[in-house]
Every structure is written in C-alpha cells, then in structure tokens.
Amino acid sequence: MKSVIGLYGLGVMGQSLALNIANHGYRITVCNRSRGKTDAFMEGKTGGLPVEAAYSLEDFVASLEKPRRIILMLTAGPVIDQAIEQFLPLLDEGDILIDCGNSFYKDTIRRNRYLKEKGLHFIGTGVSGGEMGALLGPSIMPSGDREAYETVDEIFRAISAKTPSGEACCSYIGPDGSGHYVKMVHNGIEYADIQIICEAYHLMKTAAGMTNSQIQQVFAEWNKGRLHSYLIEITADILTRKDEKTGNDLVDMILDRAGQKGTGKWTSMEGLDIGAVIPTIAESVFARNMSAIKEERVKTSQVFDSHPKAPLGDDFLEQLEEAVYAAKVCCYAQGFRLMKEASEENGWNLNYGEIALLWRAGCIIRADFLEDIKKAYDKEPDCQNLILTEKFREELKTAEASWRQIVVDGIANGCYIPAFASTINYFDGYRSSRLPANLLQAQRDYFGAHTYQRVDADPKEYFHTVWETV
C-alpha cells in the first residue's frame, strides 16, 4: 500500500509532525539522511500507527501515491536547496514539495519559481507550536500554488490545532512566500510579547521588590482575565519551579543571557526594508542583544553603581496590567501593519482576521486576545492600523494614563524597559499630526541639498534653500 504523504527530516519537529499525521489515520512514509535516526524513530512511538520507513530517497519517493506529496522538515537555508536538488531527478511533473521548516520567505519565493519551471509544485508552510504543537496540533500557515495546496488541505486541517469553537488553525494564506512571511511576523510579535512580559516581571521584582511567589500570583491572576494566553500561563508556571540542586527558585538560577534563532531579526530587517514602523519588535531583538553582553553589563554596573529608587503608587499592579495590555495591542498592531504593507507590495491579498484565527490556538502567541483581533478585522477589514479599530482605540484611551505612569515608574527606578517605552512612543508618534521631521528635512537640505516639501505647496513639488551665504 502506498503512503498518502511523505516526510523527510526526522528532527524533533519532524518526528512530532509525522506522529501527528499518523495519529489522524493518514499513512505516511518517513526518511532521514541518517539511518540511525530513522530506526530510533520507528522503534519508538510508531507501534500500531500507519508509518513506513524508507532508507533511500528512491525507495522513499517510490512509496508515495501520485501526485507525490513530500514534507521537508529541514534546517532553513542551503540544506533545503540541497534536498530539492536530490529529489528533482526522482519526481514527476505535478509532484509537490512542502517546506514546513522555518524558511525565510524570499527563499520560498525563489524556490517556488524554480520548481514551477521544473513542472513541480512548492508549498511554503509556516508551522508554529514547537514540539508539542507539532505533535498535538500546530498553527499551520501554507502558501504557494492554490491548486496544489488543495491536495493537502484535508490532512493539514485535520492535524492542526482547533479553536475552542472547533475551527481549524490552518488556512491557505496566499501565493509564493506569504505563508512563511506570516510565520516570520508571528515570531517577531512573539519576541515583543515575551519582552513585554519579562519587563513586567522585572518591574515587579526590581521596582516593587516583590518575591517570585508574589509575582507568580499576579501572572496567575492575569491569566484569568483579558491577558489569558499561553505565554502568561507558562510564566506563572515557571515561577513555581524550584531548582533541584540548590532549592532556590529555578528562575533565579538561570543566567540572564537570552538566545535567539534569527526570526525576530528577519522581521526587524523586513520592517526597515519595507518602511514599516515596528519599533517594539526591533527593540525586543536589541533587548536580547543587550542581554548577551553580560560581562560588559556587570562591569558597567560597578562603575554606575547607584541605582535610583522612586516610590510606586498604591495602584501599581492595576496600572501594570493596563500597561501590559496596551503594549501588547501596539506590538500586535505593528506586526499586522507590517503584513499589510507586505501584502500590498507583493499582491498577496492577506486576510488579517483569518490570520488572527490561525494564531488562536496551537502557536506560541495563542491567546484569547486574538479572538478580539479577528472580530476587529472582520468588522473593519480595511482598517489601516489595529489601534484605530473601535474596540482597541477605546481600550487604549482607557489604559493611556496607567501605561504612561508605568513607563515613568520604570525609568525613575532605573529599570530597562525598552518594549514598554517603545510602545508608548509608537502610540505618541502615530497619533501626532506634526512631528519634528520638518527640522530634520531642513537639516538634510542644509548639509546635502536633499530638498524638502512645503505645507502650502503641491506634495509633488520639492524645494531647496541656499542656507549658507558666502
């Protein structure tokens, strides 16, 4: 019996996704470059499941129904291009390669065009949720040839996460690399969301002097309300864990040096390339870079050893909840605006409400809050920015005073809070009818004759002033 789908690449995510497919009753063939990993997988949790192993690409391809559908679960970059070249002589016209790795969207666009010339289909697919998500139901963001996608739609929707109302967190995103683009933006928002939560923890611990137990109770309480989300939930859980070696709270034993895999940087660079304003996402990447220079920070702390201390108001925790919510709204607004600009530039015609639904379950940023985003875009699909939709603009007005006070409190107490500060600056910049860029343009014209526009002239007209007199 032939398999309906194949999966090449048995890393952690590949194994989990293969088991998910098999658990839903779809016969799958798996293959890996090293035989040992394939054997270990088959000897593990595959008992009784419709899983077949192949030990050569020839046997792997021959085991699949036509048109062949092959999922690539490989490290982003040249490895995928190498795998494609190895598969090419073995495939027939109309076969489908599906990249479910964390690829850069421009690589996906390039591969899509290349394989189309070869008579093959390519589906770039963002998958979010980590190891457990891949196993139990991830958020899936496929793009590419729509007709080819329809041949895997049933499988993808079956294995995807489901919202509380039963909707599948999988939907066709659009042409070429749009699926991986949406996944990239998801990861950029994830960076910002995590940074906001970490800054809230930092303020409670450093400025308010709260214990980990007290902070844990705050996060647990927040998770019962509008901030209910996977990231808030796991933060509360982390703060309960004790270190087996010392008996201390484990979080205090972890070095404050953050890692990253590059997708936040991709998002930030894309914002610069396309001209989108996404400061909180970029600041969250810089925050990880700041954490990485631990030795320099320790040395500098000994030079500037005085730490300011300012009193906090009695309603500090209530204000902090408001600030976390407002900052979250702004970081999501930045991410959705970036997708909007990319969609217009690339002709993708993205559906933002549908994307919010895809992130409602299975992925790392899953949260009740996303249902509100979906409703906002369903009601106002052409809105330029999420903060202008009826619900969120009213909530930001309500939160503004607390939001500002939290930033003031953080700065007054010497706390590093780039996400909170950048969101309020983003808010203030976006709502300003006039910014000091008029002076900036005058300076550019003064030293470089870069010209400027006038408030009383046609926007298409440019002017230059001879500022220096000889």
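Computed quantities for the displayed model
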{"quantity": "Rounded if a/c under 1.5, otherwise prolate or oblate - region 129-200, Cα gyration tensor axes", "calculated": "oblate"}
{"quantity": "Mean ellipticity per residue at 222 nm, deg cm²/dmol - from DSSP H runs of n ≥ 4 across the chain, formula -39500 (n - 2.57)", "calculated": "-16500 deg cm²/dmol"}
{"quantity": "Rg over Rh, two decimals, the chain (C-alpha only, Kirkwood Rh)", "calculated": "1.02"}
{"quantity": "Lysine-lysine proximity count for region 5-176, Cα under 28 Å, sequence distance 8 or more or distinct chains", "calculated": "8"}
{"quantity": "Separation of the LEU435 and GLU221 label points, Cα + 7 Å toward Cβ, nm", "calculated": "3.8 nm"}
{"quantity": "Between helix 178-202 and the chain: long-axis angle, C-alpha atoms, 0 to 90°, nearest 10", "calculated": "50 degrees"}
{"quantity": "Segments 268-279, 326-337, 287-298, 68-79 sorted - mean Cβ within 10 Å per residue, highest first", "calculated": "326-337, 68-79, 268-279, 287-298"}
{"quantity": "Angle between the chain longest axis and helix 418-430 axis [Cα atoms, degrees, rounded to 10]", "calculated": "70 degrees"}
{"quantity": "For region 135-147, 3J(HN,Hα) per residue [Karplus equation, 6.51 cos²θ - 1.76 cosθ + 1.60, θ = phi - 60°, Hz, x = Gly/Pro]", "calculated": "7, 9, x, x, 8, 10, 10, x, 8, x, 5, 5, 4"}
{"quantity": "Simple spin-label estimate for LYS2 and GLU380 in nanometres, 7 Å along Cα-Cβ", "calculated": "5.1 nm"}
{"quantity": "Qualifying lysines (Cα of each under 26 Å from Cα of LYS294; at least 8 residues distant if same chain)", "calculated": "LYS205, LYS242, LYS245, LYS261, LYS265, LYS309"}
{"quantity": "Cα-based helix-to-principal-axis angle, 316-346 vs the chain, degrees rounded to 10", "calculated": "60 degrees"}
{"quantity": "Amide N proximity, region 154-168 versus HIS24 label position 7 Å along Cα-to-Cβ, cut-off under 16 Å", "calculated": "154-164, 166-168"}
{"quantity": "Packing-based order for 100-110, 231-241, using average beta carbon neighbours within 10 Å, highest first", "calculated": "100-110, 231-241"}
{"quantity": "Antiparallel bridges, percent of DSSP beta bridges restricted to region 1-158 (to nearest 5)", "calculated": "25 percent"}
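Each reported figure results from applying straightforward, stated rules to the coordinates on display, with no laboratory input. Quantities reported herein were computed from a predicted structural model and do not represent experimental measurements. Here the Cβ is made from the backbone with ideal geometry for all residues, glycine too, and neighbour counts use every protein chain on show.
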